[in-house]
Amino acid sequence: MSKYSKFKGTGVALVTPFLKDGSIDFNGLGKVIDHVIKGEVEYVVSLGTTGETPTLSKEEKKSLIKYTVEKTDKRVPVVVGVGGNNTREVMDTFKQYDLNGVDAILSVSPYYNKPSQRGIIEHYKAIAGVSPLPIIIYNVPGRTSSNINAETTLQLAHEVKNIFAVKEASGNFDQIMKIIKYKPKDFLVISGDDLITLPVIASGGDGVISVIANAFPGEFSEMVRCALAGNYTMGQKLHYKIDEFIRLIFADGSPAGVKFLLEKMKICSSYVRLPLVNVNAQVEKSLSEQLKAFMK
């Protein structure tokens, strides 16, 4: 068994709950963590996109890492997002964060700069050279405006010892399948899109880092386990039980949609930080109706 097998299955990109005054609601975060662990997810991810990381100060990020590690209390592995478009700053961040109790790093591809594929390779080699923990590459061209192509991911997978996985959110199945086909045996391909997790696993993928699992960890993580076990009949049933929620939570901005669900479920508030805003009235109505039907 690979030492990275603990990252097969469902990881949850944790939301960062806020109070009305905009400060971090650590009590609410604790409820979210307990909720997803009770739902039997395989691991949690702090400081991802869903955690509204661009709006957090460095001190807030340090506090969130510390609280998440303590609250999780080794019940599941913890992954922390450390990435950016300034390679040297990312490298320096590893020295500034207390990563005791953290199991791996999720590092987004450089955004805004639009680096070449050679630049992306050199960026990841540089941060991997100083990272105290194994790294998951995060490819999300819809946010970074820069795709990591299959050849680049495969080169990093084969050449850089402590890069052990990619979170693929390109939505490009040709690219995803090429990575799966030619990757090293123990290299993990993780879906970055909830809605296509089932077909990614059917193609040979290893799981997902999920947004919807904040709200429905039990159903979603069981769907993933069924798919990984080859039980696609049950996997499809669970997928179609929550697929409409997945569409709706992204209909007017993420993580505002899933935070609205969490508020309706009395787990944490739906406050977000500017420039994000809460979902519009129509999405609220649709999510409320969907949740009411789901609970019957």
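The values are calculated or read from the model by the stated rules, or taken from the named source; none is laboratory data. Just so we're clear, the structure is a prediction, and the values are computed from it rather than from any experiment. Ideal geometry is used to build each Cβ from the backbone, glycine not excepted, and the neighbour counts take in all protein chains shown.
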Residue match in segment 117-126 (condition: crowded, with 18+ Cβ neighbours inside 10 Å and assigned to a loop (DSSP other than H, G, I, E, B)): no
Could you check Pro134 against (1) surrounded by 18 or more Cβ atoms within 10 Å (Cβ to Cβ); (2) more than 16 Å from Ile190 (Cβ to Cβ) and say which number it fails? (2)
Count - residues of segment 223-275 that are touching a residue at least 60 places away in the same chain (Cβ under 8 Å) and outside any loop (DSSP other than H, G, I, E, B): 6
Matching residues, segment 71-85, being in contact (Cβ under 8 Å) with a residue 24 or more places away in the chain and more than 16 Å from the chain's Cα centre (by Cα): Lys71, Thr72, Lys74, Arg75, Asn85
Please work out if Phe220 is more than 14 Å from the chain's Cα centre (by Cα), aromatic (Phe, Trp, Tyr), buried (at least 16 other Cβ atoms within 10 Å of the Cβ) and assigned to a helix (DSSP H, G or I). no
Of the conditions (1) within 18 Å of the chain's Cα centre (by Cα); (2) of a type in the set (A, V, I, L, M); (3) in a loop (DSSP other than H, G, I, E, B), Val130 fails just one. Which one is it? (1)
Spot the failing condition for Glu40; the list is (1) more than 18 Å from Leu106 (Cβ to Cβ); (2) within 17 Å of the chain's Cα centre (by Cα); (3) surrounded by 19 or more Cβ atoms within 10 Å (Cβ to Cβ), and only one is missed. (3)
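May I ask you to list the residues in segment 276-296 that are assigned to a helix (DSSP H, G or I) and among the aliphatic types (A, V, I, L, M)?
Here is the first cut: in segment 276-296, the residues assigned to a helix (DSSP H, G or I) are 281-295.
Scanning segment 276-296 gives Ala281, Val283, Leu287, Leu291, Ala293, Met295.
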In segment 92-130, what residues are in contact with a Leu (Cβ under 9 Å, 6 or more places away or on another chain) and more than 24 Å from Asp73 (Cβ to Cβ)? Ile120, Ile121, Tyr124, Lys125, Ala128
Give me the pairs, please: first residue somewhere in segment 283-296 and under 15 Å from Arg247 (Cβ atoms), second residue anywhere and part of a helix (DSSP H, G or I) and among the aliphatic types (A, V, I, L, M), beta-carbon distance under 7 Å, and either six or more positions apart or on two chains. Val283/Leu248; Ser286/Leu248; Leu287/Leu248; Leu287/Leu261; Gln290/Leu248; Leu291/Leu261
Selection within segment 167-208 - among the small types (Gly, Ala, Ser) and in a helix (DSSP H, G or I): Ala202
Of the listed residues (Val69, Val82), the one being within 28 Å of Ser146 (Cα to Cα) and at pLDDT 95 or above is Val82
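Got a sec? Which of Lys31, Lys3 is at pLDDT below 95 and charged (D, E, K, R)?
Values: Lys31 fails: at pLDDT below 95.
Within the list Lys31, Lys3, the selection yields Lys3.
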Quick test of your reading of the structure: Arg88 fulfils all but one of (1) charged (D, E, K, R); (2) modelled with pLDDT of 95 or more; (3) under 30 Å from Gly30 (Cβ atoms). Name the failing condition by number. (3)
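Which one of these is closer than 22 Å to Leu262 by Cα, surrounded by fewer than 21 Cβ atoms within 10 Å (Cβ to Cβ) and more than 16 Å from the chain's Cα centre (by Cα): Leu99, Leu56?
On the way: Leu99 fails: closer than 22 Å to Leu262 by Cα.
Exactly one residue qualifies, and that residue is Leu56.
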